[in-house]
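Asks: Have a look at this one before I ask anything.
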Amino acid sequence: MNSDKHTRFSPGCLHGAVIAFCIALVIGGCGKQADDGPILIKFPHVTAPATPKGQAAERFKEIVEARLAGRVVVEVYPSGQLMSDDDSLDALVFGEVQMIAVSLSKLDRLTHRFQIFDLPFLFPDLATVERFQASPEGSVLLDAMVDKGILGLAFWHNGMKQFGGPVPMRSPMAAEGLKFRIMESDVLQAQVLQIGGNPQKMAFGEVYQALQTGAVDAQENTWSNMYSSKFYEVQDYLTETNHGYLGYLVAVNPDFWNSLPDDIRGELDDIVKEVAAWANEQSLIIDMEGRAKIIESGVSEVVTLTPDELTDWQDAMRPVWQKFEGNIGAELIAAALAARQSGAN
Ligand code: LMR
């Protein structure tokens, strides 16, 4: 792997079919930086440029290319145009891309620690998530996958998830028998089973068509994702449950990261953190803009719940916590509950 040099790959290294070939090349020197060229950071992601992640990735590029002009170039590939999230995890490990921002739910296949972010109704809002991520228990999660070739630098928010489907979901009973697209997470699978739905793990890029053709009936996502990827056009009702959190781990390959000159690594680290603070302020604004535009479109109906209806949802999904407590660790759940409590004080 790219153990000692910065990465500068040919486009031929970017497809799964040639992955084995690339590994050989990387080991043999494909990862070597051109002697006089800037360091290249390829940064693929799956959402549209106008989403919280899309905006944050662009801002990262702008700041890096201003402060490290001529030394670092950032190529952002939005909307899944380069690869899916799942492929990007492998590509990061193999050194084909240098930075990713993958939904925390999709890290499930690498570590169960991140399952905490998918527990339904654990985090009532983004401020609580932020307090948890800044806590000693939350911040060590950045390093949870270093042994697997993934080093977390920061967390970025997207927003809270809502349910979309062919019927208003005022009660969990409305979900019974519906096929739900979910991200690749066992907690989300259990959550849908808990309410009598049929969960289908599926890549983000396939969701619009699956809803349009009826391959799935329902899905959960944030307002900004449902607006920018047009899910609202193929869903009659979007029910405002705020039942779960969707956020990202901004990550690099530790070998790549440690191979950077100290001054560049330090500057990049500062920029990632600066952008995280900015992105986490913007995310709620962008999400609420998505909600407003969906309502304005009149294409699908936004359903808001009464406090009693919301309590029914919370009660129905609560058993999921017990199922994953062993995987996640009681101390992590306690830290999340403490973050929740400190917000209530
Ligand atoms: C999804 O697959 O629904 C999300 O992970 C997309 C994203 O990156 O926000």
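Asks: For region 73-130, which trypsin sites (Lys or Arg not before Pro) are in a loop by DSSP, counting at most 12 other Cβ atoms within 10 Å?
Replies: 109
Asks: Taking Cα atoms of the chain, Rg/Rh with Kirkwood Rh, to two decimals?
Replies: Rg divided by Rh gives 0.97.
Asks: Out of region 114-176, which GluC sites (Glu not before Pro) are coil in DSSP terms and have no more than 12 other C-beta atoms within 10 Å?
Replies: Answer by residue number: 176.
Asks: Hey, another quick one. What lysines does residue 53 reach when the alpha-carbon gap must be under 21 Å and sequence neighbours fewer than 8 apart in one chain are set aside?
Replies: Residue 53 reaches 42, 61, 106, 161, 230, 273, 293.
Asks: Output the antiparallel fraction of DSSP beta bridges having both residues in the chain, as a percent to the nearest 5.
Replies: Bridges in the chain are about 55 percent antiparallel.
Asks: Of all the accessible heavy-atom surface of region 220-345, with the other protein chains kept in place and a 1.4 Å probe, what percent is carbon and sulfur?
Replies: It is 48 percent, rounded to a whole number.
Asks: With a probe of 1.4 Å, find how much accessible area the chain has per residue, and write the answer as a whole number in Å².
Replies: 40
Asks: Compute the separation of the alpha-carbon centres of region 235-302 and region 164-193 and state it in Å as a whole number.
Replies: Computed from Cα coordinates, the inter-centre distance equals 23 Å.
Asks: If you don't mind, there's one more thing I want to ask. For the chain, what relative contact order do you get, as a whole percent, if you take Cα pairs closer than 8 Å and at least 6 residues apart?
Replies: Computed value for the chain: 24 percent relative contact order.
Asks: Beyond 24 Å, what share of the Cα-Cα pairs of region 133-227 remains, rounded to the nearest whole percent?
Replies: Across region 133-227, Cα pairs with separations above 24 Å total 34 percent.
The values are calculated or read from the model by the stated rules, or taken from the named source; none is laboratory data. For clarity, every value in this text was computed on a predicted model and none was experimentally measured. A quick note on method: Cβ atoms are made from the backbone with ideal geometry, for glycine too, and the neighbour counts reach across all protein chains shown. The accessibility values were calculated without ligands, DNA or RNA, using every heavy atom of the protein model including side chains. Shrake-Rupley method; radii C 1.70, N 1.55, O 1.52, S 1.80 Å.
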